[in-house]
Amino acid sequence: MGLRREVAGGVGTVTIDRPAKRNAMTADMWRELPGLLAGLAADPDVRAVVLTGADGDFCAGADISELTEIDRRDGGHLSTAAEEALAAFPKPTIAAIEGYCVGGGCQLAAACDLRFAAEDARFGITPAKLGIVYPVAATARIVRLVGPSAAKYLLYSADLIGVEHALRIGLVDEVVPVGGGDGLRARVAAFAATLASRSLLTQRATKEIVDVIASGAPPARVEETAGGWLDEVPKGGDAAEGVAAFLERRPPVFTWTAPAP
């Protein structure tokens, strides 16, 4: 119980495993996540990571009984440290969401690069039910993801919304029907395998450049970021392999590996 880590076929899977509490995150679990991610970042066999929950729920948020410890102001929010570690992860990340994705669960999902959800998933950001203030970093990330108005809707009301609403405002990227094969897990596994076969150099460059643009940085900062990656292309080897594979009509085998953060 807690956080489980598995690696197979170039994809690392982190499972939030506390089903008796709908996978609510304890203080220890929030503390554990950054180190677990650091290990996956340093593993050259891992080219993409999936974050999911056990037994039909993604994550019901922070364990309310430990909220004072999790969100203490003097030493910083444990949830924010975990969220930032996930957002800064140097390889593609996918949240595979079933059931409840609430509060800190939304915080974690929003920190992933992409969010795939089963059609019965439910989303909510619920500090207004507790009389607390959602962490600033998490609020800023939600605003960037769905826009100010939709963020206010979620935070003001604390209501749960379904996947069609979440898809409409940009909180999720793809909705997967329930039933038929393994549904969400099969779709995410297939997509993660595709990501693992692509150029990590391209993905890492894209992630950094997109994040800089989304932060509202001035054009000079964007150009500086892009320039550093353009300099890496001839040194990384992936471009030469990609062109050779295209000309030889074979799948490319990319070998560039991102340094650990």
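Derivation of every value follows stated rules applied to the coordinates shown; laboratory data play no part. The structure presented is a predicted model; accordingly, all values stated were derived computationally and were not measured. Because the Cβ atoms are built from the backbone with ideal geometry, glycine has one as well, and the counts that use them run over all protein chains shown.
Table for the structure above
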quantity: Rh (Kirkwood; distinct C-alpha pairs) - the chain, Å; calculated: 19.1 Å
quantity: Gain on full stretching of the segment that runs from GLU208 to GLU69 - 0.36 nm per residue minus C-alpha separation; calculated: 46.8 nm
quantity: Helix runs (DSSP H) in the chain reaching 18 Å along axis by Cα, Kyte-Doolittle at least 1.0; calculated: 184-197
quantity: Candidates VAL11, VAL233, VAL49, ranked by Gaussian network fluctuation over the chain, Cα under 10 Å, top entry; calculated: VAL233
quantity: Over the chain, relative contact order from alpha-carbon pairs under 8 Å, at least 6 apart, %; calculated: 17 percent
quantity: Violating pairs (Cα-Cα greater than 31 angstrom) within the set LYS21/LYS207; LYS152/LYS207; LYS129/LYS207; calculated: LYS21/LYS207; LYS129/LYS207
quantity: Residue-span extension gain [ALA88 to ALA8] - 0.36 nm each, minus C-alpha spacing; calculated: 26.6 nm
quantity: Computed [θ] at 222 nm, helices only, for the chain once each DSSP H run of length n ≥ 4 contributes -39500 (n - 2.57); calculated: -14500 deg cm²/dmol
quantity: Dipole axis of the chain (+1 Lys, Arg; -1 Asp, Glu on Cβ), positive-most option in GLY10, THR26, GLY131; calculated: GLY131
quantity: Gain upon complete extension [MET1, SER149; 0.36 nm per residue less C-alpha separation]; calculated: 49.5 nm
quantity: Cβ charges +1 (Lys, Arg) and -1 (Asp, Glu), total dipole of the chain, debye; calculated: 240 debye
quantity: Inter-probe distance in nm under a simple model that places probes 7 Å from Cα toward Cβ, at TYR156 and ILE132; calculated: 2.3 nm
quantity: Beta bridges by DSSP in the range 78-175, antiparallel share as percent, to the nearest 5; calculated: 10 percent
quantity: Relative contact order of the range 1-145, defined on C-alpha pairs under 8 angstrom at six or more residues apart (%); calculated: 22 percent
quantity: Estimated inter-spin distance, ALA220 and SER197, nm [label 7 Å along Cα→Cβ]; calculated: 4.4 nm
